[in-house]
Amino acid sequence: MINTSQQMIYRLEALNNAQSRISYQLSTGKELQNGSDDSVKFNRLISIDDKIRRFEGIEDQINKTAVQNTVADSSVSEIKLFMESIKVELIKANTETTTDEGKKSIAKNLEGIKENLLDLANSRVDGAYIFAGSDSTVRPFVKDSNGKVSYEGDSKLRNIAVDEGSYRERGVNGFDMMMYPSDSALSNEGLTFSSRDRIIDQSGFEWIPQDVNGNFKGDASFDETNTAQLVRFDLSGNETVQTLSVTANGTTPETWTTENVGNGFDSSTQGIKLEAKTLIFDIIDDAVNTLNGLGLDGQSTTTDILDQNIDSILDSFDEAYDAVNIAHSDLGARNKVFEISLESVQARLTQYNILSLEIGAADLAKVAVESKALELTFSALYTTINKTNELSLVNFIR
C-alpha cells in the first residue's frame, strides 16, 4: 500500500510538471521555459536575443540622432535665409540713395538678425547642443558683455553607432557651420590671419597664437602685439611640439603671416593645410560698425574707407554663405548615412525576431493535443487513486 502511494505521488508530480510546461507554452507561445529543457536550442535563443537587444539599442540611438539631424538641417536652412537677408540689407546700404540715418536703421536690423542667428547656432534637442562638437553639454556660442560672440565648442564630431563595431560622425560643428576660411595655406605657403581668427589644420587640430613670453591667446597676460608663433594642440586640447613662427604685417587691425606651413609638420605628414577661420558674427559686427560710421578698428574714418569696407564685407558674406552651404551639404550627406543605416538595422531586427520566433515558438497544435491527453491522464489517475482509497479488508475478501 505504501509503495502504491509513493508511485501515485511520483506520477502526480510528473503530471504537474507537464501541466506547468504546457501552461507556460500556451500562455507565452514559447517552447522552452528553462535552459535544461533543450540546452542547444536555449543557447541559440540566448545568442539571437542578445543580437536583438544590441540592434534595438542601435536603433534607439539612430532614432534619437535622426531627431537631432532634422533640427540641425532646419536650423542651417534658417541660418542661410538670415544670411541672405543680411546680404540684401548690405546691398541696400551700399547705394548712394541710402542716407546715414538709413544705414543706422539697417545696422539695427542686422543686430536683431545677429540675435536670431545666435539662437539658431545654440539649437538644442533634449538638452543637447547640436552644433557644439564632441561635447553636446557645452553651449557652443557665447556672447560677452560687449556683444562679441565666441565659439566655445571644439572641431570634433560625435560618433554614433550604426552597426556592431561601426560608427559614423553626426552633424556639423561650429567651425564648419558659423565660420568661413578667410585664408588658407598649403605646404610651402604662408597663412595670413588676424587676432580674432581661429587656425585649424586638415586634421581638425587647432593652432593657437603664443606671445614672446610664452602666454597663449585667451590668457589674461597674452601680448597680442608681440605674437611670436602658432602652437599646435591635439583634439584633446593638449599642447604639442609642433610650432610655426609668425611675422606681423603692420596692418590695422593687425594681421600676421606664418612661415611656410609645411615647416610645422614632420616629413611623413601628407595633405598639409591650414585655414584661418573667421566667425560670421564678427563680420556682422564689422557691418554694424561700418553702417554706424566706424572703421574696422572701431574708430571714425572717411566715407571712402567706409564704402570700401562695405564692399569687403559683402565679399566676406559671399564666402561665409558658401561655407555654410558646404556645411549644409556635409550635414545632408551624414544624415543620409543614418537614414540608410536605420533601414538596415530595422531589416536585421525583423529577421532576428522572425528567427527567434521560429526557433523558440511552441507548436500550439501539438501543445493542445498534449493538454487534452494530460487532462485524460489526470482524470484516469485520480479515478485510480479514488478507488485505491476505497479499498478495505472486507472489500478485499469480497
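Filtered by the rule that a residue be surrounded by fewer than 20 Cβ atoms within 10 Å (Cβ to Cβ) and of a type in the set (Ser, Thr, Tyr), the stretch 130-172 gives SER134, THR137, SER145, SER150, SER166, TYR167. Mind listing whichever residues of the stretch 212-228 are assigned to a strand (DSSP E or B) and surrounded by 14 or more Cβ atoms within 10 Å (Cβ to Cβ)? Residues satisfying the conditions are PHE216, LYS217, THR227, ALA228. Contact map, the stretch 258-286: residues that are at positive phi and of a type in the set (A, V, I, L, M, F, W, C) paired with residues that are modelled with pLDDT of 95 or more and in a loop (DSSP other than H, G, I, E, B), Cβ distance under 9 Å, separation 6+ or inter-chain. No pairs are found. Within the span defined as the stretch 277-297, every residue fails to be aliphatic (A, V, I, L, M), surrounded by 14 or more Cβ atoms within 10 Å (Cβ to Cβ), modelled with pLDDT under 90 and under 29 Å from the mean Cα position of the chain (by Cα). Cβ separations smaller than 9 Å between residues 6+ apart or across chains give the following pairs from the stretch 87-111 residues that are modelled with pLDDT under 90 to residues that are outside any loop (DSSP other than H, G, I, E, B) and of a type in the set (Asp, Glu): ASN94/ASP307; ASN94/ASP311.
Filtered by the rule that a residue be among the small types (Gly, Ala, Ser), surrounded by fewer than 14 Cβ atoms within 10 Å (Cβ to Cβ) and in a helix (DSSP H, G or I), the stretch 108-129 gives a lone residue, GLY112.
Among the criteria (1) without any contact (Cβ under 8 Å) to a residue 60 or more places away in the chain; (2) part of a loop (DSSP other than H, G, I, E, B), the one PRO209 does not fulfil is (2). Look through the stretch 181-206, keep the residues that are among the aliphatic types (A, V, I, L, M) and in a strand (DSSP E or B), and return whichever of them is nearest to the chain's Cα centre (by Cα). By that ranking, first place goes to ILE200. The set of residues in the stretch 317-373 being modelled with pLDDT under 90, more than 30 Å from ILE46 (Cα to Cα) and hydrophobic (A, V, I, L, M, F, W, C) consists of ALA373 alone.
Only one entry in SER105, SER75 is more than 26 Å from the chain's Cα centre (by Cα), part of a helix (DSSP H, G or I) and of a type outside the set (Lys, Arg), namely SER105.
Pairs meeting the criteria (first residue in the stretch 315-331 and more than 11 Å from MET179 (Cβ to Cβ) and in contact (Cβ under 8 Å) with a residue 40 or more places away in the chain, second residue of a type in the set (Lys, Arg) and surrounded by fewer than 18 Cβ atoms within 10 Å (Cβ to Cβ), beta carbons under 9 Å, at least 6 apart or on different chains) are PHE317/LYS87; ASP318/LYS87; TYR321/LYS80; TYR321/LYS87; ASN325/LYS80; HIS328/LYS80. Taking every residue in the stretch 112-134 that is more than 12 Å from VAL172 (Cβ to Cβ) and pairing it with any residue that is assigned to a strand (DSSP E or B) and at pLDDT 95 or above, at least 6 positions away or on another chain, the pairs with Cβ-Cβ distances below 6 Å are LEU118/PHE141; ASN122/PHE141.
Filtering ARG44, ARG53 for residues that are part of a helix (DSSP H, G or I), basic (Lys, Arg), at pLDDT below 90 and under 30 Å from LEU357 (Cα atoms) leaves a single hit, ARG44. Of everything listed in (1) surrounded by 13 or more Cβ atoms within 10 Å (Cβ to Cβ); (2) part of a strand (DSSP E or B); (3) over 27 Å from the mean Cα position of the chain (by Cα); (4) not hydroxyl-bearing (Ser, Thr, Tyr), the single unmet condition for VAL241 is (1). Of the listed requirements (1) surrounded by fewer than 19 Cβ atoms within 10 Å (Cβ to Cβ); (2) touching a residue at least 24 places away in the same chain (Cβ under 8 Å), MET83 misses just one: (1).
Among the residues making up the stretch 332-353, a single one is of a type in the set (A, V, I, L, M, F, W, C), closer than 23 Å to MET177 by Cα and exposed (fewer than 13 other Cβ atoms within 10 Å of the Cβ): ALA333.
The values are calculated or read from the model by the stated rules, or taken from the named source; none is laboratory data. This structure is a prediction, so every number in the text was calculated from the model and none was measured. Ideal geometry is used to build each Cβ from the backbone, glycine not excepted, and the neighbour counts take in all protein chains shown.
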